[in-house]
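Laboratory data are not the source of any read-out in this text; all were calculated from the coordinates shown. This is a predicted model, so every value here is computed, not measured. When we count neighbours, we look across all protein chains shown, and the Cβ atoms used for this are built from the backbone with ideal geometry, even at glycine.
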Number of protein chains: 2
Amino acid sequence: MNAPERSPDHPPLSDTFIAAMSARFGSRFSQSEAVRLSHGTDESAHPPQPPDAVVFVESTEEVAAVATLCHAHRVPMIAYGAGTSLEGHLLAVNGGISIDLSAMNRVLAVRAGDLDATVEAGVTRKQLNTALRDTGLFFPIDPGADASLGGMTATRASGTNAVRYGTMRENVMALTVVLADGRIIKTGSRARKSAAGYDLTRLFVGSEGTLGIVTEITLRLYPIPEAISSAVCAFPDIAAAVNTVIQTIQLGVPIARIELLDALALQAINSYSNTTLREAPTLFFEFHGSPAGVDEQARTVQEIAREHGGLDFEWATRAEDRSRLWQARHDAYFACIRLRPGSRGQSTDACVPISRLADCIAETLEDRATSGLIAPLVGHVGDGNFHLIAVLDPDNAAELEQAHNFAARLAQRAIRMEGSCTGEHGVGIGKRGYLIAEHGEGAIDVMRSLKQALDPLNLMNPGKILP
Amino acid sequence: MNAPERSPDHPPLSDTFIAAMSARFGSRFSQSEAVRLSHGTDESAHPPQPPDAVVFVESTEEVAAVATLCHAHRVPMIAYGAGTSLEGHLLAVNGGISIDLSAMNRVLAVRAGDLDATVEAGVTRKQLNTALRDTGLFFPIDPGADASLGGMTATRASGTNAVRYGTMRENVMALTVVLADGRIIKTGSRARKSAAGYDLTRLFVGSEGTLGIVTEITLRLYPIPEAISSAVCAFPDIAAAVNTVIQTIQLGVPIARIELLDALALQAINSYSNTTLREAPTLFFEFHGSPAGVDEQARTVQEIAREHGGLDFEWATRAEDRSRLWQARHDAYFACIRLRPGSRGQSTDACVPISRLADCIAETLEDRATSGLIAPLVGHVGDGNFHLIAVLDPDNAAELEQAHNFAARLAQRAIRMEGSCTGEHGVGIGKRGYLIAEHGEGAIDVMRSLKQALDPLNLMNPGKILP
C-alpha cells in the first residue's frame, strides 16, 4: 500500500477486507499503483486521488457483492465507467474502492418496436449506436466524449443534441441500481409514462454514485431522421450569433443542434483538425426531419441569421462532411488544450435562461479579457448552456487560482441570472461550493436527508455533490 | 364535530389546535359539514372521507404556518386544488386538515422570451392558457378536467398532448414546496437543464402531497403551432386502429394527439355532446407544426390508416370545429357516466410499451365481455396509455366488486407486460395494492425510506401511495 496522495484521515483497507475481495475476485481485484492512479484520474484539472484498490466487475450481482463487503467493512465505493468526468467525480477523496464497470458492456436488449434499449452501465454511447446500426434507430445524447452510459446517467449528461432530444433526465426510462448495503433494486418500467409512486429513476439520474451504483439502464431511442443537414455560419460578433440562437429558440424551430464557438475556439479547431473554417464567432447547426421539414427549418434559421449579420452558410449534407464537422466540434476540448503545450483544460459549465444568454456571455467575455486567461468559448447555446475552456499551466499556482476565481464568478453570475452553475458536467468536487447559492439552504438540507436515508454510513462516493 | 364517516382510530382535533387555527385564519378555517364533505370527495368512485376541518390559504407563508401548527399538533395535512383526482388522493383516511389552495390562483410571471411561466398552485390549466392568450404561447398538458396545476404536479398528470409534449415530469422546471414541519424550499431553477445535485423537482412531481405541499410551479411553455389540424377516422375493428397508432409512433411521426375510443365511447359521446360521429372504433388525431409539416404528417398518418382499413378521414381545421371535437373527447368521461343514470364512473389507467398495446387491449376487451361490465374504452394510445370507464351502480355491491376485480386484472396485465398500473391518474388509495408488483419490494423500501426522511411523523397525506 504505497499511497502518498491518500489523505491521512481515513484508515487503510483491512487485511480481512483485502483477503475477502481477493478470494472473490482474484486478479480482478488490484492494488497496483498504476491501476489505482488511472482510476483516480479524470479529464478535469483536479489533481488525481487514487482509490486504495480497484475491482473489475462483470455483473450486477458482483457489484452487489462488492457493496455488501464494503458496507460490512465501512469502505467507500466509487463507480468507474470511462473516466471522462470533468469535475473530479471519481477521485477517491476518502480512499476506498473504485468499482470499474467497463467490462459490463453488453447491450442486453434492443426493442425497435418500442423505441427502447437496455444496456449494462459500461456500454458507451458510441458502442450503443454501433449496435443500433441496422435498426434505423439511434441514441441521441452526445456529451462529446465516448462516455459510458452509466456515467452519463450518474452525471445527468447531455451535450449537443439536448436542445431537441433532452438530457439523460428525459431519456432514461428505468434503472437497475445497487444500494450502499448491497441491495439490488429496479426503478421505472418500460411504460412511456407512469404516475405510480416516487420517481426513483430521476432521483438516481444525476446522483453521481452518491446514492447507489447504476448497473443497467433502459434508454429511449429515436428513429434516425429521414433527412439530416448541417451547416456553419460565421458572425461579425458574438452578440449577433447569440441573438440568432435566442430568436431560433423563441420561434420554436425544432433544431437538433445549435452550437456556438468563438474565434479562439475556431483557431484551436483549425489547428487541431486541419480545417479551414473562418476564425470568427460561429454557429454550428444541425436540422433533423423529413426532407421538406429540414428545408423549412433551414430556411427559417438562415433568414434569422441573415437578419443578424450572418456572413455565410456553409452546408454539409453528405454524411462524411457532417461527420467531419461534428468531429471537429467534439474535438474542441482537446483542440483548445493543444493551444498551449503541456497545459491542462478546466471547463466552466454555466446554464442560464435563454433571455439572459447574451448578457451572461458578454459579461463573461469581459471578465475573460480582464483576467487575461486563454479560455475559448464553446456551447450548447440552444439550452442556454456554454463552456469556457481555460487552458492552464498546471505548475502555475497564480494562474490556477485566477482560473478558479474566474470560474467562481461565472457560476455565481449564472445563478444570479436564475440559471445553474452546471448544465451538464455535474457537481463532483468542483461545484460543491455553489450549491447553496443555487438551491438555498432548505433544498440542500433535503438533499442531505435523502443521502442520509439511502446511505447512512456515507460510503457511496463520499465527498461529492453535497457541500 | 359531527363526523360519523371519520374512522374511529384517530383522535379529534384538539381545542388548542382549533383555537390556534381560528385565531390565525378566522372564517377561512371551517369545520362545517358541507365544506368538509366537499373536500373529502373527488371524481372517483371511492366513497367520500371528509377531513376534520378545511383551511383556505392565500400564500405559501400561510401554507407554512398551517404546516407548522399541524406538525406541532400531529395533525395530518391534505392539499386540495380543484378536487378532480381519480384515485381518492384527497380523502382524509386518517382525518386531519384539508388545505384548500384554490385561492392561490395568481399567474406570478410569464416570461415569453424564455418560454416559461410561474404560477401559484391553485391556478388551473385553462386559467393559465387564458392568461397566455396574447403571448403566442400555450401550456400543453391537458388531463381533460380543468385541474389545478398544483394537483397536476402532485399526480404527474398528462393527457392527450403527452405523446408530443411530455407529462408534468418533463414540463415542471422548478417548485416552491412546504415541507411537513413548515419549512419552505425551492427546487430547480429556470435553466433548461442542470446537473447540480439531486433532482428534487422530479421527486416532488408525482408525490401526491405525501412529501410536501407544492405551492408555486415554474412550467415550460410552447409556441402555439403555426398550423393545427385535427381529424377523426373510424376503423373496422379495435385492432386496426391500434395498429395504426403503433406504426405511427414507430415511424417517429411527431403527432400531437392520437386518441382511441371504442364504439361504446362514441355512442356515449354522440348522446352527450349531440355529435353524429360513426359509432365504431375511432382515432382522434391532432397535428401541430408549420403548414407544410402538418400536411406531411397528416398524409403519412392517413396512408398508415388506409393500410389498416381506416374508413374515412374527417378533417377539422377551423378552430371552432377542432374545439368541438376535442371538447367531445374531453367530455367522454361524463358522457360515459350518463350512459346509465345514477351511476358513478371508475376509470382504469393502464400504460404499456407500445408493442404490447394491441395485446393488452385485446385481452382487456375479452375480459370486459366476460365480465359483462359497461366500460367504454378511451385512451392516449400514443403513449400506450388507455382507460376503461366502468359505469357502476354505486348501490350494487356485487357489481362494484366485479369492477374492482376487473381493474385489478388489468393493472396486473399491464405490469406483466412491463408497463404501469397507472399512466397518469396516480396511486392515491386505489392503486396502492399494485405498487409492489410493479416496482418490487426493494424499490418500495427505498420509497418508504424517502417518506420517512422527509415526513417522519407521517402527516403529509397519510395513507396514500405507499402500500
Original post:
To the nearest whole number, what is the average tally of beta carbon atoms from other chains within 10 Å of the beta carbons of peptide A:420-427?
Top reply: 5
**OP:** May I ask which residue of B:HIS10, B:ALA103, B:THR60 lies farthest towards the positive end of the charge dipole of chain B, with charges of +1 (Lys, Arg) and -1 (Asp, Glu) on Cβ and the Cα centre as origin?
**Re:** B:THR60
Original post:
Taking Rh as the Kirkwood radius computed over C-alpha pairs, what is the Stokes-Einstein D of the protein assembly as shown at 37 °C in a medium of viscosity 0.692 mPa s, expressed in µm² per second?
Top reply: 114 µm²/s
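What's the whole-number percent of alpha carbon pairs in region B:133-252 lying beyond 21 angstrom? Kindly include the intermediate steps, with their values, before the conclusion.
On the way: 3619 of 7140 pairs.
So the pairs more than 21 Å apart make up 51 percent of the total in region B:133-252.
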**OP:** Please report the Cα spread of region B:280-414 along all three principal axes, rounded to whole Å, starting with the longest.
**Re:** 55, 33, 23
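Considering just Cα atoms, how many Å³ per residue does the convex hull of chain B enclose?
Considering the Cα atoms of chain B, their hull volume per residue is 146 Å³.
May I ask which of A:LYS126/B:LYS193; A:LYS126/A:LYS431; A:LYS186/B:LYS186; A:LYS193/B:LYS431; A:LYS193/B:LYS464; B:LYS126/B:LYS431 have a Cα-Cα span longer than 25 Å here?
Details: A:LYS126/B:LYS193 23 Å; A:LYS126/A:LYS431 28 Å; A:LYS186/B:LYS186 29 Å; A:LYS193/B:LYS431 16 Å; A:LYS193/B:LYS464 20 Å; B:LYS126/B:LYS431 28 Å.
Checking Cα-Cα distances, A:LYS126/A:LYS431; A:LYS186/B:LYS186; B:LYS126/B:LYS431 exceed 25 Å.
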**OP:** Name the longest site-free stretch of chain B, where the excluded sites are trypsin sites (Lys or Arg not before Pro) in a DSSP loop with no more than 16 other beta-carbon atoms within 10 Å.
**Re:** B:134-277
Subject >> Charge dipole (debye, nearest 20) of chain B; +1 at Cβ of Lys and Arg, -1 at Cβ of Asp and Glu >> reply: 860 debye
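Evaluate the charge dipole of region A:227-416 about its Cα centre and quote only its size in Debye, nearest 20, assuming +1 on the Cβ of each Lys and Arg and -1 on the Cβ of each Asp and Glu.
Values: 16 positive and 24 negative charges, 42 e Å.
The calculated dipole for region A:227-416 is roughly 200 debye.
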Subject >> Shielding of A:221-228 by partner chains, average beta-carbon count, 10 Å >> reply: 1
Subject >> Selection from A:CYS70, A:SER85, A:PRO47, by position along the positive dipole direction of region A:15-100 (Cβ) >> reply: A:CYS70
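List the longest stretch of chain A that has no exposed loop site; here a site is one of the GluC sites (Glu not before Pro) assigned by DSSP to anything other than H, G, I, E or B, with at most 15 other Cβ within 10 Å. Working shown, then result.
Working: sites that count: A:GLU5, A:GLU226.
It runs A:227-467.
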Original post:
What is the mean number of Cβ atoms from other protein chains located within 10 Å of the Cβ atom of each residue in peptide A:202-209, rounded to a whole number?
Top reply: 5
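What ranking, highest mean first, results for peptides A:209-215, A:265-271 when packing means the other Cβ atoms within 10 Å averaged over each residue?
A:209-215, A:265-271
Which value, in nm² and rounded to one decimal, describes the direction-averaged projected area of the C-alpha convex hull of region A:15-100? Let's see the in-between values first.
Numbers: hull surface 20.8 nm².
Orientation-averaged projected area of the Cα hull: 5.2 nm².
When the helices in chain B are scored as -39500 (n - 2.57) per DSSP H run of 4 or longer and the sum is shared across all residues, what 222 nm value do you end up with, to the nearest 500 deg cm²/dmol?
Working: 16 runs with 173 residues, N = 467.
Rounded to the nearest 500, the figure is -11000 deg cm²/dmol.
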Subject >> Spatial separation of Cα centroids for region B:368-402 and region B:27-61, in angstrom >> reply: 28 Å
Original post:
In degrees, nearest 10, range 0 to 90: what is the angle between the Cα axis of helix B:397-416 and the longest Cα principal axis of chain B?
Top reply: 70 degrees
**OP:** Could you run the Karplus curve 6.51 cos²θ - 1.76 cosθ + 1.60 with θ = phi - 60° over region B:291-304 and give me ³J(HN,Hα) per residue in whole Hz, x for Gly and Pro?
**Re:** x, 5, x, 4, 4, 5, 4, 4, 4, 4, 5, 4, 5, 4
**OP:** Starting at the first residue of region B:326-338, write each ³J(HN,Hα) from the Karplus equation 6.51 cos²θ - 1.76 cosθ + 1.60 with θ = phi - 60°, in whole Hz, x for Gly and Pro.
**Re:** 6, 4, 4, 4, 5, 7, 4, 4, 5, 4, 5, 4, 5
**OP:** Using only Cα atoms, locate the centre of region A:180-211 and the centre of region B:223-293, then give the distance between them in Å, rounded to an integer.
**Re:** 34 Å
Subject >> Descending principal axes extents, region A:195-255, alpha-carbon based, whole Å >> reply: 48, 31, 24
Original post:
For region A:155-168, in order, what is each residue's ³J(HN,Hα) by Karplus, 6.51 cos²θ - 1.76 cosθ + 1.60 with θ = phi - 60°, in whole Hz (x at glycine and Pro)?
Top reply: 9, 6, 5, 8, x, 5, 8, 5, 4, 9, 9, x, 9, 4
